[in-house]
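Asks: Sharing a structure below in structure tokens format, with a few things to ask.
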Amino acid sequence: AKSGPLAGKKLVISAGGTREPVDPVRYVGNRSSGKMGYALAEEAVRRGASVRLVSGVTDRPVSFGVDIKYTETALEMFAALREAVKGADALIMTAAVADYRPEKPAVDKIKKGAEGLDLHLVANPDILASLQGDFIKVGFAAESRDLMINAVKKMTDKNLDIIAANDISQPDSTFGSDTTRLTLFFKNGRVEELPLLKKQEAAARLLDEISGLL
Ligand code: C5P
């Protein structure tokens with residue numbers, strides 16, 4: 001059996017970005033690196049948790065001791081997480097889920113023409129808002145302005161216990177960076193401003209807080 005402060009706890013973590021197909025060769029995607037989610041998964045394993053990582057697209061190497069399920073689109077990630085949260089103690093959603101997907105991906109490769117191309121997008125479901133249950137819910141928010149107002153609104157709308165907000169207008173706290181400057185907002189109103197930290201250290205601080213709620 002595993003030992004450590006999170007022994008016996010089941011954590012579900014999502015990481016990376018989603019890819020929404022346009023045709024068999026193109027997609028709509030984003031710049032998520034997956035570093036924060038993988039760092040959380042590794043740190044949680046180190047603390048004895050059983051970890052299910054639902055990974056979108058990333059170039060991160062597989063982490064030892066982490067049970068990884070790879071997904072590509074938001075809908076695939078949603079299906080995988082719906083299964084994964086059964087019996088979970090906490091869900092930590094670091095994935096950058098595409099808000100929109102092409103309505104009807106072309107079956108054949110789209111040929112170029114002289115005119116432009118209109119791409120019609122439809123909304124993806126909000127995974128974190130939709131998944132409800134007897135587990136701690138933690139979300140991430142990347143904001144370029146009005147950090148507190150936007151983060152607290154998301155915490156309420158998605159019914160979260162904690163939201164980790166990240167000011168992406170700062171060059172040291174952005175997509176792909178090894179460091180991050182997180183502000184944690186708690187359901188009870190507490191605010192914890194973390195300094196600039198390596199993502200591994202930020203993961204440790206966030207897990208300390210989550211452990212306190214479990
Ligand atoms: O609303 P916004 O995308 O800024 O919220 C970010 C948080 O919600 C992240 O934790 C992200 O993983 C999650 N999310 C989600 N499904 C979406 C969009 C975001 O679970 N469709």
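Asks: So Val66 passes all but one of these: (1) of a type in the set (A, V, I, L, M, F, W, C); (2) away from the ligand (no atom under 16 Å from the Cβ); (3) touching a residue at least 60 places away in the same chain (Cβ under 8 Å). Which condition number does it fail?
Replies: It fails just one condition, (3).
To keep it simple, each residue is scored yes or no on (1) away from the ligand (no atom under 13 Å from the Cβ); (2) surrounded by 15 or more Cβ atoms within 10 Å (Cβ to Cβ); (3) in a helix (DSSP H, G or I).
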position: Leu53; (1), (2), (3): yes, yes, no
position: Glu76; (1), (2), (3): no, yes, yes
position: Gly113; (1), (2), (3): yes, no, no
position: Asp118; (1), (2), (3): yes, no, no
position: Pro125; (1), (2), (3): no, no, no
position: Asp134; (1), (2), (3): yes, no, no
position: Ala142; (1), (2), (3): no, yes, no
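Asks: Mind listing whichever residues of the range 85-111 are in a strand (DSSP E or B) and either touching a Cys at 6+ places or on another chain (Cβ under 9 Å) or more than 30 Å from Leu213 (Cβ to Cβ) (or both)?
Replies: Just the residues of the range 85-111 that are in a strand (DSSP E or B), to begin with: 90-93, 96, 100-102.
Scanning the range 85-111 gives Tyr100, Arg101, Pro102.
Asks: Please specify each residue of the range 151-166 satisfying the condition of being more than 17 Å from the chain's Cα centre (by Cα) and near the ligand (Cβ under 10 Å from one of its atoms).
Replies: Within the range 151-166, Lys153 is the sole residue that qualifies.
Asks: Output the qualifying pairs, or none if there are none: Cβ atoms under 6 angstrom, residues six or more apart or on different chains, first residue in the range 125-142 and without any contact (Cβ under 8 Å) to a residue 40 or more places away in the chain, second residue assigned to a loop (DSSP other than H, G, I, E, B) and hydrophobic (A, V, I, L, M, F, W, C).
Replies: Once the first residue is without any contact (Cβ under 8 Å) to a residue 40 or more places away in the chain and sits in the range 125-142, no partner that is assigned to a loop (DSSP other than H, G, I, E, B) and hydrophobic (A, V, I, L, M, F, W, C) comes close enough.
Asks: Out of the residues in the range 192-214 that are touching a residue at least 12 places away in the same chain (Cβ under 8 Å) and touching a Ser or Thr at 6+ places or on another chain (Cβ under 9 Å), which is nearest to Asp89 (Cα to Cα)?
Replies: Ranking the candidates gives Ala202 first.
Asks: Right, another one. Any idea which of (1) farther than 21 Å from Thr18 by Cα; (2) part of a strand (DSSP E or B) is the one Ala165 doesn't satisfy?
Replies: Condition (1) is where Ala165 drops out.
Asks: Follow-up. Give the range 1-43 a look and list any residue that's touching a Ser or Thr at 6+ places or on another chain (Cβ under 9 Å), outside any loop (DSSP other than H, G, I, E, B) and within 15 Å of Ala84 (Cβ to Cβ), or say none.
Replies: Across the range 1-43, the qualifying residues are Lys10, Leu11, Ile13, Ser14, Ala15, Gly37, Leu40, Ala41.
Throughout, read-outs are computed from the coordinates displayed, never taken from laboratory work. Model, not experiment: these values are computed from the prediction. Note that each Cβ is placed from the backbone with ideal geometry, even for glycine, and that neighbours are counted across all protein chains shown.
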